[in-house]
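The values are calculated or read from the model by the stated rules, or taken from the named source; none is laboratory data. Because the structure is predicted, anything quoted here is derived from the model rather than measured. Counting neighbours? That spans all protein chains shown, and the Cβs are built from the backbone with ideal geometry, glycine included.
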Amino acid sequence: MENDILIEREKPEESESPQSELQILGNLNSQASTSESGNQPDKVPEVQDLDAEALAVLGEINIEQEKGPPLHPEIANRWTPILSKGLKKEDKRELMQKYMPFENVPRLIAPTLNPECISAISASMLKRDTIIKEKQKQVAAVLTAIGSGLESILKNGDKIEIIRNINDASKLLCDYFQSETNNRKILITNAVNHNLKETLKGDSDMFLFGTNLAERIKNAKIIQRSGKDLKEKQERLKGPTKTLNWRGPPQLSTRLGGE
């Protein structure tokens, strides 16, 4: 299934079985040795097995993503929906307006693009700069919320207010995280086979396009083949289109004017 999500311009031949990273590295090393020694591959030295003590020193192979301790369920349950779907527009707007940059920290204000540069760049580049600027504004709101919480701690302020500041900051960061996930999806989707764009739509989990992507691609291929077969069958049933020769009105055989 890996070959189904290739960029359209790049269609390498499918291999019988996927290669591991170690196999790929081995092939590359073999090719390099062949080219350097006159098409004669170097003899690969035998690899000795390590004893238990040496393996213990090296440590275990960890292929899973590392995780920290569990978060309080009341917090986790509030973060998860935002990480999945993002904040509602009105909620995000309210938080952004609530946490404006501090008066004495002007560097928190996202810089405006110089007017002289606007006329010198393309519309797509200007749009990209605007998007990045909005991200900076969101990060500034997060820092302002955290700063407000820190200030409350220093002033021995209200515990509830501190929780509120930090919670608001976490909401904005969760939304930022989700928006960057969407941006990655758009980036990849625009580069793959256009026939698979609908298949790539779905929620992210530990994988950007979901863990069941291979199965979805397989089903999409089956549907595409079925549709193609049905179309070909209908065309065969119709048969070739017969074109009838059209004859114009008979020419006048009577000569006018005694000719």
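Listed by position, the helices (runs of 4 or more DSSP H) contained in segment 122-241 that have at least 3 residues being under 23 Å from I75 (Cα atoms) and in contact with a helix residue (DSSP H, G or I) (Cβ under 6 Å, 6 or more places away or on another chain) are 123-154, 159-189. Filtered by the rule that a residue be polar (S, T, N, Q) and surrounded by fewer than 13 Cβ atoms within 10 Å (Cβ to Cβ), segment 146-181 gives a lone residue, N156.
Here is the figure for segment 117-156: residues that are in contact with a Phe, Trp or Tyr (Cβ under 8 Å, 6 or more places away or on another chain) and among the polar types (S, T, N, Q) total 3.
Yes/no matrix, rows are residues, columns are (1) within 30 Å of R225 (Cα to Cα); (2) not assigned by TED's automatic domain parsing to the domain that holds G210:
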site: E94; (1), (2): no, yes
site: Q97; (1), (2): no, yes
site: N104; (1), (2): no, yes
site: A120; (1), (2): no, yes
site: R128; (1), (2): no, yes
site: E134; (1), (2): no, yes
site: E180; (1), (2): no, yes
site: K185; (1), (2): yes, yes
site: K197; (1), (2): yes, no
